[in-house]
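Everything on this sheet refers to the single structure shown next.
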Amino acid sequence: MEQEKKKRILSGIQPTGTFTLGNYIGAVRNWGKLQDDYECLYMVADLHAITVRQNPADLRRMTREAVALLLACGIDPEKSLLFVQSHVPAHSQLSWVLSCSTQFGELSRMTQFKDKSAKHADNVNAGLFTYPVLMAADILVYNADLVPVGADQKQHLELARNVAQRFNSQYSPTFTVPDPYIAKAGAKIMSLAEPEKKMSKSDENANAFILLLDEPDAILRKFKRAVTDSDGEVRYAPEEKPGVSNLMTIYSCMTGKDFAAIEAEFAGKGYGDFKTAVAESVIAELAPVQAEYKRILADKAYLEGVLKEGAAHANAIADRVLSKVYRKAGFMQL
Ligand code: ATP
Ligand code: LTN
């Protein structure tokens, strides 16, 4: 029987620190689950990371750690390609070409650019502005069909689609127009300290996020301190009760229980019991990830092998697409 060609998936994460529970639930955890049904490419976006200031030695270390953490979260290099963005020059090369099919006005509307330029007012560099063009190149250089990300990346994906369509109509059909793949539950995990804000690894308040490598007692402490409300009822109502609803979303993603079951489980009990249960479910889910992480990080040769193989395959795919683009753009060939 003829086998149907699998759809291709591409996604990335920046090595700007240890991943949060938000990164895990909204993105990384789903990546592993997609490996059997799709052809998957996952990358550590180190080029994107330097849009905010980084210490070079730290960036190198965090990149290695991000790779180990992805492996620990279930990315299997036998099934997926795992690589570091800067190891595939075609991303940057395509980014330049695509930047000439992207309008200044549309980049000015990106909310991440507005947020990050307000946050780093002393370093509003051109890379921060053109960040979404490089992200479009990451995706289009593999002709990816689907891009699994958290809800905050939706606007960037819309831009990638527009740029792909524009290039296709300016020249001739070249790029697959990618679709976002945003999970129904957990696409936006909120801060534990300010539940109307997204949980972010660059938050100054360490109580706002859970990191995948946090110790069990730190996880328990942070959940115990999580901001809720004063009505004492475990009920899902994101507008009215953002803190409790966020904890319910986390608990639901960890245990598979739906909101009605969670409401029934904690009916008549206080927030104390509920918060402990949420913390315990997270601790249990992260324990094997943490153990795997330690093991993998210590195995330097294995990590290098995975990345060399990943880079070689990724370069082979990306170079073919890039040379097609160069031809269409009218660059002279020797
Ligand atoms: P930073 O805090 O440094 O801006 P970040 O935590 O947003 O970084 P990224 O590397 O930009 O992390 O994102 C990696 C993936 O995690 C993306 O797919 C993003 O949509 C997803 N993600 C980030 N934060 C959350 C969140 N709070 N809930 C769900 N998904 C999230
Ligand atoms: N911008 C993304 C990270 C990222 C990405 C990508 C995600 C870089 N390139 C390509 C999907 C596809 C973020 O999460 N901030």
Check: How much of Asp231 can a 1.4 Å solvent probe reach, expressed as accessible area in Å² and rounded to 10?
Finding: 80
Note to self: On a straight-distance basis, which lysines could pair with Lys300 in a cross-link, Cα separation under 20 angstrom, same-chain partners fewer than 8 positions away excluded?
What the structure shows: Lys308
Next item on the list: For the chain, report the translational diffusion coefficient in µm²/s to the nearest whole number, using Stokes-Einstein at 25 °C, 0.890 mPa s, and a Kirkwood Rh over Cα pairs.
Entry: 116
Next item on the list: Project the alpha carbons of the range 211-290 onto their principal axes and report the range along each, largest first, in whole Å.
Entry: 34, 24, 22
Item checked: Cα principal axis extents for the range 112-235, largest first, Å -> 59, 37, 28
Margin query: Which residue fluctuates most in the GNM of the chain (Cα springs below 10 Å): Asp203, Asp319, Asp76?
Written below: Asp203
Check: What aspartates and glutamates sit close enough to Lys222 to cross-link, taking a C-alpha to C-alpha distance under 19 Å and skipping anything fewer than 8 places away on the same chain?
Finding: Glu194, Glu196, Asp203, Glu204, Asp214, Asp273, Glu280, Glu285
Next item on the list: Work out Dmax and Rg for the range 179-228 from the C-alpha atoms and quote the Rg first, both in angstrom.
Entry: 12.1, 40
Item checked: For the chain, accessible area per residue (1.4 Å probe, heavy atoms of protein chains only), Å² -> 48
Next item on the list: Could you work out the relative contact order of the range 16-110, using alpha carbon pairs under 8 angstrom and six or more residues apart, expressed as a whole percent?
Entry: 38
Check: Using a 1.4 Å probe on the protein chains only, how many percent of the accessible area of the range 54-95 belongs to carbon and sulfur?
Finding: 47
Check: Charges only on Cβ, +1 for Lys and Arg, -1 for Asp and Glu: so what's the dipole of the range 1-93 about the Cα centre, in debye to the nearest 20?
Finding: 260
Checklist line | Helix-only [θ]222 nm of the chain, DSSP H runs n ≥ 4, -39500 (n - 2.57) each, per residue, nearest 500 | finding: -16500 deg cm²/dmol
Item checked: Beta bridges per DSSP with both ends in the chain, % antiparallel, nearest 5 -> 10
Checklist line | Leading residue at positive end of dipole, the range 1-130 (Cβ point charges), from Ala72, Thr18, Val124 | finding: Val124
Next item on the list: Mind ranking Arg29, Arg225 by accessible surface for me, highest first, 1.4 Å probe?
Entry: Arg225, Arg29
Item checked: the range 274-334 pair-distance distribution - Cα-Cα, 10 Å bins, rounded % -> 17, 21, 19, 19, 15, 7, 1
Next item on the list: Just reorder Thr20, Thr228 by solvent-accessible area, largest first, 1.4 Å probe, all chains present.
Entry: Thr228, Thr20
Notebook entry, point to check: Carbon and sulfur: what percent of the range 190-239's accessible surface (1.4 Å probe)?
Noted result: 50
Next item on the list: Give the peptides 115-126, 292-303, 6-17 in descending order of average Cβ contacts within 10 Å, highest first.
Entry: 6-17, 292-303, 115-126
Notebook entry, point to check: Using a Gaussian network for the chain with springs between C-alpha atoms less than 10 Å apart, which of these wobbles most: Ala287, Ala264, Ala57?
Noted result: Ala57
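The values are calculated or read from the model by the stated rules, or taken from the named source; none is laboratory data. Only a predicted model underlies this, so the values are computations on that prediction, with no experimental measurement involved. Note: ideal-geometry Cβ built from the backbone for every residue, glycine included; neighbour counts use all protein chains shown. SASA here: full protein model, heavy atoms, side chains in, ligands and nucleic acids out. Shrake-Rupley method; radii C 1.70, N 1.55, O 1.52, S 1.80 Å.
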